[in-house]
Amino acid sequence: MIISIFNQKGGCGKSTTAINLAAYLAKHGKKTLLIDMDSQANSTVGVGIDDEELTSSVYDLLNNQEFDRENILKVIIETDYPKLHIIPSDINLANAEITLSSLMSRETILKRILEQIKDIYQYIIIDCPPSLGLLSVNSLVASDYLIIPVDPSYFSMKGIKNLVSSFASIKANLNPSLEILGVLITKFNGRKTISKDIKETLINSFGEKVFNTVIRIDSKIEYSQDNGKPIISFYEKCHGFEDYTAFGGEVVKWVTQKI
């Protein structure tokens, strides 16, 4: 099962969601691969990997079009968390949009890479960059499902129409099997009217596709990131742990129903 976490708007908790969903799945016995497709390397750092000390990254696989299973496995790093592995990212990935643009079948490079190793993992979680460039397109073409994290703000709601349009285009032209698994509301503040209003708007637009769980604002999430650890494995007595645990449970339930 391959799931992309994607929103064209930055700052909506995309990497945080990818990290903690992957950590939840691994913690509950699912062998999971996290793929960092963002040159900011937040997911890489978020599971305790120093992106400045990498000898190879996802960029090398994409740039060299490395479709050999053995060479792909050399790039995968086992994290400190049992059953959680990662294909890391670093700043070199910022060059990928240029280097990949002239290649044949450039939209399917990641898909062809994952075809060599997806039998090893029960879940593959992809952290996409916050733009619809070749890296995000590659991620969505390789995926079975899409999770859209949305923070309750005016700009986020304005951009979601473009995101849905982009999803429809990729589904129609590149990946007919791609489905939206769900919409996750992040950075939720129940005391603010805008948070409640946007939640209602999303439910009206997406119906049952909106996860029941919302991710509440919690300083402990940021603190866990500063320490290079998922909140799922860092501090249990906080909203962030409770919310991402509930969200992870929803994902497993939804996926099980769809299989």
Q | Extension gain (nm, one decimal) between ILE203 and SER219, 0.36 nm per residue minus Cα-Cα | A | 3.1 nm
**Q.** Taking only Cα atoms of the range 206-252, radius of gyration then Dmax in Å
**A.** 11.5, 36
Q: Can you figure out the FRET efficiency of ASP226 with ASN95, using R₀ = 25 Å and their beta-carbon distance, to the nearest 0.05?
A: 0.35
Q. Tell me, in nm to one decimal, what length is gained between GLU242 and ARG191 on full extension, where the rule is 0.36 nm per residue of separation less the Cα-Cα distance?
A. 16.5 nm
Q: Place +1 on the Cβ of every Lys and Arg and -1 on the Cβ of every Asp and Glu in the range 35-93, take the dipole about the Cα centre, and give the residue among PRO82, ALA41, ASN92 whose Cα lies farthest towards its positive end.
A: PRO82
Q) Counting only residues 5 or more places away or on other chains, whose amide H sits under 5 Å from the amide H of ILE180 once H atoms are built in the peptide plane? A) LEU146
Q | Length-normalised contact order of the chain in % [C-alpha pairs under 8 Å, at least 6 apart] | A | 25
Q) Give me the log10 of I(q) over I(0) for the range 2-258 at q = 0.07, 0.08, 0.14 Å⁻¹, as the Debye formula computes it from C-alpha points; what are the numbers? A) -0.21, -0.28, -0.90
Q: Tabulate in residue order the Karplus-calculated ³J(HN,Hα) for the range 125-130, using 6.51 cos²θ - 1.76 cosθ + 1.60 with θ = phi - 60°, rounded to whole Hz; enter x for Gly and Pro.
A: 10, 10, 8, 7, x, x
Q.
Run the numbers for ASN162 and GLN65: contour at 0.36 nm per residue of separation, minus the present Cα-Cα distance, in nm.
A. 31.9 nm
Q | Relative contact order %, the range 14-89, counting alpha carbon pairs below 8 Å whose residues are six or more apart | A | 42
Q. Which of the peptides 181-190, 196-205, 34-43, 124-133 is most tightly packed, and how do the rest follow, going by the mean number of other Cβ atoms within 10 Å of each residue?
A. 34-43, 124-133, 181-190, 196-205
Q) What does the charge dipole of the chain about its Cα centre add up to, to the nearest 20 debye, if the Cβ of each Lys and Arg holds +1 and the Cβ of each Asp and Glu holds -1? A) 1060
Q. Under the Karplus relation 6.51 cos²θ - 1.76 cosθ + 1.60, θ = phi - 60°, what is the ordered set of whole-Hz ³J(HN,Hα) values for the range 175-189, x standing for Gly and Pro?
A. 8, x, 8, 5, 10, 7, 6, x, 10, 10, 7, 10, 6, 7, 10
Q. Rounded to the nearest 500 deg cm²/dmol, what is the calculated helix-only ellipticity per residue at 222 nm for the chain, with -39500 (n - 2.57) per DSSP H run of length n ≥ 4?
A. -13000 deg cm²/dmol
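No value in this document is a laboratory result; all are computed from the given coordinates. Quantities reported herein were computed from a predicted structural model and do not represent experimental measurements. Every residue, glycine among them, receives a Cβ derived from its backbone with ideal geometry; neighbour counts consider all protein chains shown.
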